[in-house]
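Worksheet for the structure shown next.
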Amino acid sequence: MAKRRKHRGISLGTVVMLALTCLVLLGMGSVLPKLSGSERAIDTGKMLQTFVIGDMLPTFALSDIPIQASTASAEPAATPNPVQTVKPAEATAAPQPTPTASAGGKCTIVLGGSVNMSSTLRRAGYFSETEKYDFTDIFSLLLADLQGDYTMVSLEHTIDANTKLSDINTVEDVLPMLSRAGVKGAALAFKQIYDSGFSGLTATVEAVQGRGMQALGAYTTADAAQPTRRIMTLGGVRVALLHYTDGLSTKGAKAMKSDGNTFAVAQVSVESGAAGILEDIAAVRAAGAQVVIVSLNWGAEGKTSPTKKQTAFAQQLADAGADVIVGTGSRVVQKAEWLTGTLADGSSHQTLCAYSLGSLLNESRTNANVAGMLLRLTVSVDGQGRVSMDEAAYVPTYIWRYKQDGRYYYRVVASDQPSPDGMGDDQTQSRERALSTVQKYLGQDTPLTLRKR
């Protein structure tokens, strides 16, 4: 290795300091006379001559100069996409998003028949040992069939602690039986809903809502009674579920006339026509409902087929664009059929009409009254807003009553399935007759499929 050459003279740092000192002295020489008011000029050239530094500068080879990369560019790089600030024009409306197609959706809706907790059935659920009612096992064998995005049954009772218990007014303990089974909506409008006046109706609605279920057809305020409040989004599908009763009892009508709360019960009159419902259907359609379901508590108890006035009424609803019509009130199953409605623009519209779903629960033991059905609907809406009925099926039901330890118990089962454990031969035969009854009253040409599992 070659021997490194020694530098002579002063260091580079010393030279730099001397140069800076000279510059400072020159600056002072030119500034001080002016600050002192003297007009004498200093000869800066002579001053420089006094600093002879040639022989003091060290001698450097190129390899002796350290090189360090700079952290700053000598010239700022061009920005690929320069940000431009544009002052918005005054009074310019905010840009609107470009309309996009709907994502569509799909939902399953389960609609059940009447729940009638008569005094006999209510007492069967009372246990003296605990001094409490317990009805929660009644639907334990039907749980799978009751599940859907929305399940509604018709509860034909008031629940008012200030009114004597009867076949009409029952205990609040019946509600856990429904909510735990997956019921989300209770259709409350029936002929006796106003028999205890507005206070009885209010107590009933609040009890139902207190269990997390929606009250349909009975309302505590005029705002809650607006049909557009019945629109809900299920699986991305906007569904309107409207429930009505064909009038009130004489007692209830008199009480309502006295207090004037006509908004409290959604009423229609089969005798007078469907004008009120037609307005409600138009309102929910205008508010964005894609599917409209109309539920009616109507018809004479025990009547196994609809009247001509009922079929004419249903046709009016089909012409107004209702997608589904279901009935309760007769407590027995009636036929189901497709109605072809003619809309205001002249186009055709298909409406599924099940005139009565029968009884889901009651104490009667006649073949017609122990038989009911759940209507299962699977509805979808595509990206263009077109609605289709993917499935319209029914689950036939049977109200099983059996005796154990000296008391009666009730269970609701699917009548087209094998008998559950504990069901004897007599009850098995009764279950099979209930299935035949449902099939008979629905008719051979029913548009419904017997369950899809």
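Every number here is computed from the coordinates shown, using simple stated rules; none is lab data. Because the structure is a prediction, the values reported are computed rather than measured. Neighbour counts are summed over all protein chains in view; Cβ atoms, including those assigned to glycine, are modelled from backbone coordinates with ideal geometry.
When the chain is fully extended, how far beyond the present Cα-Cα distance does Thr311 get from Leu450, taking 0.36 nm per residue of separation?
Gain on stretching Thr311 to Leu450: 47.7 nm.
Evaluate the charge dipole of region 181-270 about its Cα centre and quote only its size in Debye, nearest 20, assuming +1 on the Cβ of each Lys and Arg and -1 on the Cβ of each Asp and Glu.
Result for region 181-270 is approximately 140 debye, rounded to the nearest 20.
First obtain the Kirkwood hydrodynamic radius of region 105-450 from its Cα pairs, then insert it into the Stokes-Einstein equation at 4 °C and 1.567 mPa s, and state the resulting D in µm² per second as a whole number.
Using the Kirkwood radius from Cα pairs, D works out to 64 µm²/s.
Using a Cα-Cα cut-off of under 18 Å, which aspartates and glutamates could be cross-linked to Lys309, ignoring same-chain neighbours fewer than 8 residues away?
Straight-line reach from Lys309, under 18 Å: Asp246, Glu271, Glu301, Asp319, Glu337.
Taking Lys254 as the anchor, which aspartates and glutamates have their alpha carbon closer than 14 Å to its alpha carbon, excluding any fewer than eight residues away along the same chain?
The qualifying aspartates and glutamates are Asp195.
Go ahead and run the numbers for FRET between Thr130 and Arg433, Cβ-Cβ distance against an R0 of 45 Å, rounding to 0.05.
That gives a FRET efficiency of 0.80.
Given points 7 Å out from each Cα along the Cα-Cβ axis, report the Arg365 to Ala393 separation in nanometres with one decimal.
Result: 3.3 nm between the two label points.
Starting with the fewest neighbours, write out Phe198, Phe127, Phe313, Phe190 ranked by other beta-carbon atoms found within 10 Å of each beta-carbon.
Fewest to most other Cβ atoms nearby, the residues stand as Phe127, Phe198, Phe313, Phe190.
Within 10 Å of each residue's Cβ, count the other Cβ atoms and sort Thr428, Thr446 from fewest upward.
With the sparsest Cβ surroundings first, the list reads Thr428, Thr446.
Which order do the peptides 351-359, 105-113, 389-397 come out in when sorted by mean C-beta neighbours inside 10 angstrom, highest first?
Averaged packing, sorted descending, gives the order 351-359, 105-113, 389-397.
Between Arg229 and Leu278, how high is the FRET efficiency from 1/(1 + (r/R0)^6) when r is the Cβ-Cβ distance and R₀ = 25 Å? Nearest 0.05.
In this case the efficiency is close to 0.85.
Longer than 21 Å from Cα to Cα, which of Lys184/Lys257; Lys257/Lys308; Lys303/Lys335; Lys191/Lys257; Lys132/Lys184; Lys191/Lys303 are they? Say none if no pair is.
Lys184/Lys257; Lys257/Lys308; Lys132/Lys184
Can you divide the C-alpha Rg of region 291-396 by 2.2 N^0.38 Å and report the result to two decimal places?
Cα Rg divided by the expected 2.2 N^0.38 Å: 1.15.
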